[in-house]
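Chemist: The structure that follows is given in the form of structure tokens.
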Amino acid sequence: LDPQRSPFITEVKEKLTKVFGLRDFRTNQLAAIIATLSGQDVLVLMPTGGGKSLCYQLPALCHGKKKKGVTFVVSPLIALMHDQVQQLQLRHVDAQLFTGEQEISDREMLSSRLLGTGEKPTIVYITPEKLHSSGQMTRILQFLYSRGEIARFVIDEAHLISSWGRDFRESYVSLRDLRRDYADIPIMALTATATREQQRDIITGLGLRDYLLLSQSFNRSNLRYAVLKKPTRTVDFIHKWIMDKYPQETGIIYCGGRDKCEKVAKQLRDLGLTAKHFHAEIDPHDKMRTMEEWKSGRCKIIVATIAFGMGIDKADVRFVIHHDMPSSLAGYNQETGRAGRDGKPSDCLLLYAFGDYSWQLDRIRKDEGLSEENKIRQNRDLDDMNHFCTNTTDCRRTQLLNIFHETFDPSACHGTCDNCTIPGHMIEEDVTTIASNLVEMFQSAQALGIKITKPMGVDVYRGSRKKELLNKQLDRLTHFGTGKTCDRARVERTLQRLLDDRVLNPAVGPSGSSGYSATYIELGENSQQWLERRQTRMIIKIRVPS
Ligand code: ADP
């Protein structure tokens, strides 16, 4: 159906200009609005900054088919809901909040309005927990439903219903009941991150039927992507990078753990930057304050775990730095997506270390709350992420959009990712001999019960005389020194490729003295063909600078 010919078009256009002060719709906004007003279920897949909020805020103000009902917006983030309610109220829209955090008296007041006979609020923002487990809310919904006064349910961040990936939320599972209990109320689900698997989980989880799927390119052309090997003095490096590029601008630095956030933020403050930490364990009051300082620009840099972000609507974020590798490409895409919502050029820098990969592997392995199936999924996500980091030839956009099954022609990158910037040409490098030697070397280590890490493996192959190696008598291993004339980078590339191809596998175990765990390398499921010399060639494509 052509949205322009819909009976709602006049009302919709009028609200766009009069209430929101906007002139045109962006991609898919109008289609989503018309579909939901017509009573259809809609699944909106839109990149961050694409304008998802308008898709449900605007129809809430329209009458649609029948008399105007209340739009319920389910969102996991209190801060975001606060913001949106405030902004809507400034536009004279009757928007309200229903969360566990607010004063009981506020909830009571809203409750009696909803159960009363007077004018009902237009939009109610509610947490999934409250929607599900508050008896008060269940009564309200049943009352409104019986009177035909529910306009629609909007599920923001709908991917949280999917157990695929790290973002799964228990409280979202209960949203399954909406279709059962309020069968004919239209549902609109929105997300900025949905792989095919997540899409499927959203559709079945919410019980969407005859739904309109709206998706668009997820490419963010104003973002520049780069991955660098993590320098030893990481914080000094980050400080210098910021001072060189964005001394006065706003940014986010993601870290893998809470302690690290606090440490990095402090180090940056000591170096003179206005940085604050943010993670799940800080109290809600401090969270609110940090968020406000950052939004107002008094604090420029937030050093955070992934607890920071979903739904953060700050348009002028100029950079997102990953101090540590994220656990999946979908997550990475989501986090980097918070940069440059205003459409201006912004940077995404990831600092990669193999050790971070092994740390994450270890975390998944030890997580007793994860099912076997989820462990396998998360391991795979992590491997994909690692591969992305170690791939120094393919366009980052091509690789990233691949997760959404979107084909991106690297010539359209126009040198806006590190791999496409290096002027040069591709060559093929034959690493068959090195590969075969390395597999035999790791086999001999395994046979002798000796554990070696990735960097140690490279050293052994190149015959390093490092004390640490000689103390462990690693010169006993087959192929010690065979590669002494080989370029170190070439050996590293080969080893990485063997890991990618699962000829070798990372295995985590405690390291001798430090008490931390380290990643050792052992033979993988595809090693046999190498050991039996059935595999005859390994070719790696590399880009050589011209
Ligand atoms: P998302 O939730 O998809 O990340 P938002 O709904 O927060 O995106 O919108 C991102 C920004 O784009 C906001 O500043 C919003 O005001 C703006 N925006 C949304 N729709 C339009 C439009 N049709 N025209 C101009 N600006 C828009």
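We did not get these values from a lab; they are worked out from the coordinates using the rules stated. It should be emphasised that the depicted structure is a prediction, and the values quoted were computed from it without experimental measurement. Positions of Cβ are backbone-derived with ideal geometry, glycine not excepted, and every protein chain shown enters the neighbour counts.
Chemist: Quick one: which residues, 5 or more positions from Leu504 or on another chain, have an amide H under 5 Å from its amide H? H modelled 1.01 Å from N in the peptide plane, none for Pro or chain starts.
Modeler: For Leu504, the qualifying residues are Leu499, Gly524.
Chemist: Ranking Trp530, Trp241 by Cβ neighbours within 10 Å, fewest first, what do you get?
Modeler: With the sparsest Cβ surroundings first, the list reads Trp241, Trp530.
Chemist: With θ taken as phi - 60° and the coefficients 6.51, -1.76 and 1.60, list the Karplus ³J(HN,Hα) couplings across the stretch 244-251 in order, rounded to whole Hz; mark glycine and proline as x.
Modeler: With the stated coefficients, the stretch 244-251 comes to 5, 9, 9, x, 10, 9, 8, x Hz.
Chemist: Right, another one. Applying the Karplus parametrisation 6.51 cos²θ - 1.76 cosθ + 1.60 with θ = phi - 60° to the phi angles of the stretch 202-208, what ³J(HN,Hα) value in whole Hz is obtained for each residue in order, glycine and proline being reported as x?
Modeler: 5, 4, 6, x, 8, x, 5
Chemist: Among His132, His323, which comes first, then next, by fewest other beta-carbon atoms within 10 Å?
Modeler: By the 10 Å Cβ count, ascending, the order reads His132, His323.
Chemist: Assuming 0.36 nm per residue, please report the length gained on full extension of the stretch Lys314 to Lys344 beyond their Cα-Cα distance.
Modeler: Full-extension gain reported as 9.5 nm.
Chemist: Related question: Take the Cβ-Cβ distance between Val19 and Ser215 as r, set R0 to 25 Å, and report the resulting FRET efficiency rounded to the nearest 0.05.
Modeler: Efficiency, rounded to the nearest 0.05: 0.40.
Chemist: Assuming 0.36 nm per residue, please report the length gained on full extension of the stretch Thr433 to Ile376 beyond their Cα-Cα distance.
Modeler: Contour length minus the Cα-Cα distance gives 17.3 nm.
Chemist: Could you check what % of the DSSP bridge pairs in the chain are antiparallel, to the nearest 5?
Modeler: For the chain, the DSSP antiparallel bridge percentage is about 20.
Chemist: In whole Hz, with x marking every Gly and Pro, tabulate ³J(HN,Hα) for the stretch 407-417 from phi via Karplus 6.51 cos²θ - 1.76 cosθ + 1.60, θ = phi - 60°.
Modeler: Ordered by residue, 3J(HN,Hα) equals 8, 10, 7, x, 5, 7, 6, 6, x, 9, 10 Hz.
Chemist: Evaluate the distance, in nm, between pseudo-label points positioned 7 Å from the Cα of Ser105 and of His63 along their respective Cα→Cβ axes.
Modeler: About 3.8 nm separates the two model spin labels.
Chemist: Please enumerate, by chain and number, the aspartates and glutamates with C-alpha under 17 Å from the C-alpha of Lys276, excluding those fewer than 8 residues away in the same chain.
Modeler: Asp236, Glu249, Asp259, Glu262, Asp286, Glu292, Glu293
Chemist: Suppose each label sits 7 Å from its Cα in the direction of the beta carbon; what would the Gln529-Tyr246 distance come out to in nanometres?
Modeler: The two pseudo-label positions are separated by 4.4 nm.
Chemist: Okay, next question. What is the dipole size for the stretch 1-129, taken about its Cα centre, with +1 at each Lys and Arg Cβ and -1 at each Asp and Glu Cβ, in debye to the nearest 20?
Modeler: In debye, rounded to 20, the stretch 1-129 gives about 600.
Chemist: Still on this structure, please answer the following. Sort 361-374, 259-272, 478-491 for me by packing, meaning the mean count of neighbouring Cβ atoms within 10 Å per residue, highest on top.
Modeler: Peptide ranking by packing, descending: 259-272, 478-491, 361-374.
Chemist: What is the extension gain from Lys229 to Ser296, computed as 0.36 nm multiplied by their sequence separation minus the C-alpha to C-alpha distance, in nm to one decimal?
Modeler: 20.8 nm
Chemist: Which pairs, out of Lys18/Lys52; Lys13/Lys295; Lys229/Lys454; Lys130/Lys375; Lys266/Lys366; Lys15/Lys52, put more than 22 Å between their alpha-carbon atoms?
Modeler: Among Lys18/Lys52; Lys13/Lys295; Lys229/Lys454; Lys130/Lys375; Lys266/Lys366; Lys15/Lys52, the Cα-Cα distance tops 22 Å for Lys13/Lys295; Lys130/Lys375; Lys266/Lys366.
Chemist: Describe numerically, in nm with one decimal, the distance between label points set 7 Å from Cα along Cα→Cβ at Thr138 and at Thr421.
Modeler: 5.6
Chemist: Considering only Phe143, Gly118, Leu131, whose Cα is most displaced toward the positive end of the charge dipole of the stretch 117-188, charges sitting on Cβ of Lys, Arg (+1) and Asp, Glu (-1)?
Modeler: Phe143
Chemist: Also, quick follow-up: Based on other C-beta atoms within 10 Å, arrange Phe308, Phe143 from fewest to most.
Modeler: Going from least to most buried by this count: Phe143, Phe308.
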